[in-house]
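A quick write-up on the structure given underneath.
The values are calculated or read from the model by the stated rules, or taken from the named source; none is laboratory data. Because the structure is a prediction, the values reported are computed rather than measured. For neighbour counting, all protein chains shown are included, and Cβ atoms are generated from backbone atoms with ideal geometry for every residue, glycine included.
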Amino acid sequence: MVTTLLISVTIVTSLAVFLALLMVIADATIANYGEVDISINDGSRQYTVRGGKPLLKTLGEQEIFIPSACGGRGSCGLCKVQVVKGGGSILPTELPWLSEEEQQDNIRLSCQFKVKESLEIKIPEELFLVKAFETKVAQIRDLTHDIKEVTLQLVDPPEISAKAGQFIQFQVPEYELTDEEVYRAYSLSSAPSDSTKVELEIRLVPNGICTTYVHKYLKEGDTVMINGPYGDFYLRESDREAICVAGGSGMAPIKSILLDMKDKGISRKTRYFFGARSAGDLFLIDEMRELEKTLPDFTFIPALSEPQPEDDWDGDTGLITDVLDRKLENIQEAEAYLCGSPGMIDACVKVLKDKGIPDERIFYDKFA
């Protein structure tokens, strides 16, 4: 009986290895698409590339960087391009991220479909301004037990031009969790006025490729490649009250926006609600209190959902949505800027809409 079982296991294993070998051979031969042409924006830019890789990676090799918060895993939906010609049918992995209108316009996720034939695509012109930067790790600082602040000094080019609230993509080299270079998106927490460096707030995610690398392997003095800036999460020009809401590392873009307001002398009324579980999850409190002194009409409101007895907490408590519901009145003319997990943002959007702020004045950056 045991012998029969061992023989069966051996046969199944051998078949699996054989099929895997066939797939490798097929990918190297049958799936060899040779050279193909990519025409961008009605032929204003044209490239001849080796076929077979996802469009996102293929464009990146030409130093055309399409925003992607998930690094090409198909889990953020940011890397959209319009395919005018070529590209084949929309794949099932793209459908959750595309509206019916986008599907009709042949909008595609560039990380999901491979370049197998010549393509004509359209992308926003501003993406041609995105650059790759060589940086050096100037400082790594613990903000909480699971969030590190990483300061990168720009080396080449030596300066970056970004708006407060935008993000960059951080390149992770090959190491034990990945057999190829990958990118992950992180919002800038630093003020745009200091264009020679960028600060990032990186929270440890269990088995996260980039977060594990940063928390366990990255050292001061290391070289890091980034590209950017990206994103349309930034403070709009108006005199409306700004209501900011964040949780965890969602602090980063809000901090950048506040520092930018200080540098530019923007004095509009601003309230910043920051949600954390317990006092150990709060950080940059002193910096926020200092901004209350130097930034006109700014109020920082931290709240704990599960304060511990040892926290000796006398501030606001409850879910951040409960705090918003209690403290916000007559805000129909305000704007809202939210950053954090999708669940938190969706819940906060509902509260703000119920309070009278329309969709077009609620801006957010979801950290998946």
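Considering only residues that are in contact with a helix residue (DSSP H, G or I) (Cβ under 9 Å, 6 or more places away or on another chain) and farther than 24 Å from Y186 by Cα, look in region 113-125 and name the one that is surrounded by the fewest Cβ atoms within 10 Å (Cβ to Cβ).
K114
Could you tell me how many of the residues in region 126-139 are surrounded by fewer than 17 Cβ atoms within 10 Å (Cβ to Cβ) and among the hydrophobic types (A, V, I, L, M, F, W, C)?
5
Yes or no, residue by residue, for (1) surrounded by fewer than 17 Cβ atoms within 10 Å (Cβ to Cβ); (2) modelled with pLDDT of 95 or more:
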site	(1), (2)
R73	yes, no
C79	no, no
V83	no, yes
G88	yes, no
W97	no, no
C111	no, no
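G74 is checked against (1) over 30 Å from V155 (Cβ atoms); (2) in contact (Cβ under 8 Å) with a residue 60 or more places away in the chain and fails just one. What number does that condition carry?
Checking G74 against (1) over 30 Å from V155 (Cβ atoms); (2) in contact (Cβ under 8 Å) with a residue 60 or more places away in the chain, the one that fails is (2).
Given the conditions (1) within 24 Å of A242 (Cα to Cα); (2) more than 17 Å from the chain's Cα centre (by Cα); (3) surrounded by fewer than 22 Cβ atoms within 10 Å (Cβ to Cβ), which single one is not true for L218?
The one condition L218 does not meet is (1).
Out of all the residues in region 294-337, which are among the basic types (K, R) and in contact (Cβ under 8 Å) with a residue 24 or more places away in the chain?
Once the filter is applied, which keeps residues that are among the basic types (K, R) and in contact (Cβ under 8 Å) with a residue 24 or more places away in the chain, region 294-337 yields only K327.
To keep it simple, each residue is scored yes or no on (1) under 22 Å from the mean Cα position of the chain (by Cα); (2) closer than 19 Å to A164 by Cα; (3) of a type in the set (D, E, K, R); (4) not in a loop (DSSP other than H, G, I, E, B).
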residue: E306; (1), (2), (3), (4): no, no, yes, no
residue: W313; (1), (2), (3), (4): no, no, no, no
residue: D325; (1), (2), (3), (4): no, no, yes, yes
residue: G343; (1), (2), (3), (4): yes, no, no, yes
residue: L352; (1), (2), (3), (4): no, no, no, yes
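Answer yes or no: is there a residue in region 248-270 that is of a type outside the set (S, T, N, Q), modelled with pLDDT under 95 and over 22 Å from S193 (Cα atoms).
yes
Having 1 or more residues that are under 27 Å from I254 (Cβ atoms) is the bar; report the strands (runs of 3 or more DSSP E) wholly within region 70-170 that clear it.
By residue number, 80-85, 131-142, 147-156.
Of the conditions (1) touching a Gly at 6+ places or on another chain (Cβ under 6 Å); (2) assigned to a loop (DSSP other than H, G, I, E, B), G275 satisfies every one except a single condition; which number is it?
(2)
Of all residues in region 268-290, which are touching a helix residue (DSSP H, G or I) at 6+ places or on another chain (Cβ under 9 Å) and under 15 Å from E335 (Cβ atoms)?
Residues satisfying the conditions are R268, T270, R271, Y272, F273.
Would you pick out the residues in region 261-278 that are touching a Pro at 6+ places or on another chain (Cβ under 7 Å) and either surrounded by fewer than 20 Cβ atoms within 10 Å (Cβ to Cβ) or outside the structural domain of L352 (by TED's automatic domain parsing) (or both)?
Scanning region 261-278 gives S267, S278.
For F128, only one of the following conditions fails: (1) under 18 Å from L56 (Cβ atoms); (2) touching a Leu at 6+ places or on another chain (Cβ under 7 Å); (3) among the hydrophobic types (A, V, I, L, M, F, W, C). What is its number?
(2)
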